[in-house]
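Report on one structure; see the data block that follows.
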Amino acid sequence: MLTRISVITVDHETTISLGLEFPMMPVCELSFDEFTEMVPPNYEKAVRHQLFDIFRLRVAAMAAKKEMDVLIAAPNQVWTSYLLNRTMHLFKSHQDSEGLLLVQKLAAHLMTRKYTATDSALTYACDVPQRSMCRRLSPERMSGAGWFRGKREVAPDIVHLPVKTKISVLSNAGLWLLTDGRICSASLRENLILGDNSIALVLTGDFASVKALEKLQLVAWNNDTNVVANAEIQRITPHNVCRWISMFVTAPLLPDPNKLALSVGNKLVAIPFREPVAKRHEVVTCIAPLFGNEQWQQALFAAHVYKKFGTHMHLYVRSMVSPVFELLKIYESEGYLTIQPWLRISLLTISELDFNPNVNVEFRNQAAAQTDCLLQYKESASYIAFVDLDDVLIPRLAGSYLEEFAHLFHSMPNVAYIHYTKENTKLVAAKRPSDFSLKEMLTSIQFERVSETGKLVADPRHVNSTWIHFPVSIPEGMERYIVPNNVNAITHLKHMKLVTTTTKTLNGSPPAFKPNTYDFLSQGPLLSAKNINEIQKDFERMTSKPEVTRIFPKLPTNFIYLKAIAQCFEDTYYKYHYSGRTDEIKCPGPDRCVFPRGIPCYNSAAEYHSINDGSHVNLHFATNPSFKEEDGCRP
């Protein structure tokens, strides 16, 4: 079957071309110049960006459904008659900030419209075909060379490219590509920031030693040749509270490497590397490393909410009580999440009694974990969120994470990441597994009107590494956008009360969205009754599975680790943090806590390697990460 291609070129006249084979035959022409004077000058750029991105999203959705294979477009704005008419009507009535808000609401509405065939793209673009600004053009007119001559030569923008065209070719031509990831993932996601055939390393080490080192030398081999590259070391951790910090290194190497080595001065040390995740996930949520984890209620809450609204949860686990781990492994097999061992730092060259590096890294090396997650999904996800397990973002601007994030990112140009505030809530959950109900948990949520430092959602094309709350470095010209908390905020499950008897809260009414703000709030609840019922139904489907039924009664009802860790973190970190005594804070993390024994736990494990005879750097790494069931969780 011939490849179906859609070409969009934008100039004095906007052309949308749909065709099956070369030469391309444009079938619709749009002209919007006569309407530009109707848009207030200070809104024109924002409106153009908004309309263009809505159209791009709709065609991208068709491509993902395999109804259109490739979309190639010049990087300009596309106007459609339907959107233009609606927008102009709004601006006539509201030529102020309220008018722009109405346009954004219209955009959110239109992005939910369903277009299921290529022909619908024509209907969408020519919603008012009788108007002169949107007219079908005859093939005879299209064949005339004079048609392409206007204020600027537009013919070069109309191209016919095979599906596997390299992204570099498109970039050089000033074009971008949207397509089904299954067909063109290599071309579409060819390391858009890192560069072609790049390697990325996440490192942890002493910040003073690293400052003196500055660069690393990498050597890579493939079946044909080898290459040597010098790579600058970039900080991920923005402070020196902890002696060991997270770092990032990247360098272009060669295609299809089969061996990678790091120079330690007087020798080369082969180090393990892996390919990024190939499976397409539109949205991924990276969870900060878990340790001594036993709160299965939070895990189930997150797993089902994330599944409902369309994100894949990636869990980093240092240690977890056995029944909870075994339950989540079933959820992993059902596609809800991925569990990855997150390893303690182990130096074979020195005893932990003499020097424990884990006491000297911030919050179980959380920044390294988040950067690792970002790099794993950088080429296969559209958006990546970074939160703790008890931070659950529930979309309010649209019906899914993808639509909400797309709306926010595409509403404003040059945004590398968006930042959501955390809003503390209290809620009720059943202590016993036999009484547990996600519906009861969801409907009991009450906002406490207390805000905390938020977390980020990144466009992975523009972010290579990130600290806990924000990236230290983003490309020049890019910026962040802070989502106002009256628009949406992370629901922080701060105070979860465990009860032994279930209580119907407000007859199961949907929880209200009441963040810590005096700005205008919409009347909509945190999530609808329909969504709550669907989440509960999905939970009941999972608990009806025989393998879940066997494990569920074994889930803990007394959280020993939670109590010990909460008290430890209060004594070693939070009492200084919240009182402003930040100069008294020592490097925070679980290795300052005493973990009880006598409870079956799965701890992360691996084969550790240490190279300490280098003249410039000592190198420590691990291979074959896994989990091992032991007596007691380790920090």
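For the range 535-581 versus the range 276-352, the spacing of their alpha-carbon centroids is 13 Å.
With a cut-off of at most 14 other beta carbons within 10 Å, and DSSP calling the residue loop, which trypsin sites (Lys or Arg not before Pro) in the range 543-584 qualify? Please list them. Walk me through the numbers on the way to the answer.
Numbers: sites: 550, 554, 563, 575, 581; in loops: 581.
Those that pass, being in a loop and sparsely packed, are 581.
I need the chymotrypsin sites (Phe, Trp or Tyr not before Pro) found in the range 531-586, filtered to DSSP loop residues with at most 14 other beta carbons within 10 Å of theirs. Hits after loop and neighbour filter: 578.
What relative contact order, as a whole-number percentage, does the range 211-274 give when Cα pairs under 8 Å and 6 or more residues apart are counted? Working shown, then result.
Numbers: 102 pairs, mean separation 21.5, N = 64.
About 34 percent, as a whole number.
When ranked by the protection proxy of mean other Cβ atoms within 10 Å per residue, highest first, what sequence do the peptides 479-487, 284-292 form? Let's see the in-between values first.
Details: 479-487: 15.9, 284-292: 25.9.
Per-residue mean Cβ counts within 10 Å order the peptides as 284-292, 479-487.
For the range 209-304, GluC sites (Glu not before Pro) meeting the loop criterion (DSSP other than H, G, I, E, B) and having at most 16 other Cβ atoms within 10 Å: 214. Along the range 313-330 the Karplus relation, 6.51 cos²θ - 1.76 cosθ + 1.60 evaluated at θ = phi - 60°, assigns HN-Hα couplings of 8, 10, 9, 9, 10, 8, 7, 7, 4, 4, x, 5, 4, 5, 5, 5, 5, 5 Hz to successive residues, with x for each Gly and Pro.
Which value, in debye to the nearest 20, gives the size of the charge dipole of the range 198-270 about its Cα centre, when Lys and Arg are +1 and Asp and Glu are -1 at the Cβ? Can you show the working numbers first?
Values: 6 positive and 5 negative charges, 52 e Å.
That gives the range 198-270 a dipole magnitude of about 240 debye.
Between the range 507-528 and the range 211-240, what's the alpha-carbon centroid distance in Å? So the separation of the two Cα centres works out to 49 Å. Look at the dipole of the range 412-533 built from charges on Cβ: of 466, 434, 478, the Cα furthest out on the positive end belongs to 434.
The simple spin-label model puts a point 7 Å past each Cα toward its Cβ; for residue 520 and residue 628 those points are separated by 6.0 nm. Close amide-amide hydrogen proximity is noted between residue 312 and 283, 284, 285, each under 5 Å apart and 5 or more residues distant or on a separate chain (H modeled in the peptide plane; Pro and chain starts excluded). Each of 231, 220, 257 was scored by the projection of its Cα onto the charge dipole of the range 198-270, and the greatest displacement toward the positive side belongs to 231; charges sit on the C-beta of Lys, Arg, Asp and Glu. Couplings 3J(HN,Hα) for the range 374-380, derived from phi with the Karplus relation 6.51 cos²θ - 1.76 cosθ + 1.60 (θ = phi - 60°), are 4, 5, 4, 9, 4, 9, 10 Hz, where x marks Gly and Pro.
Once the other residues with Cβ under 15 Å from the Cβ of residue 471 are scored (Lys, Arg +1; Asp, Glu -1), what is the net sum? Once positives and negatives cancel, what remains is +1. Cross-linked pairs 431/545; 307/575; 307/455; 426/537; 329/378; 563/628: Cα-Cα separations exceed 26 Å for 307/575.
Among 309-320, 341-352, 197-208, sorting by the average number of other beta carbon atoms lying within 10 angstrom of each residue, highest first, gives 309-320, 197-208, 341-352. For residue 251, the residues 5 or more places off, or on other chains, whose built amide H falls under 5 Å of its own are 199. Using the Kirkwood formula over every pair of different C-alpha atoms, what hydrodynamic radius in Å results for the range 413-539? Value: 16.5 Å, from the Cα pair sum.
Quick note: the coordinates plus some simple rules give every number you see, no bench work behind them. Since we're looking at a predicted model, the values are computed, not measured. Neighbour counts run over all protein chains shown; Cβ positions are idealised from the backbone, glycine included.
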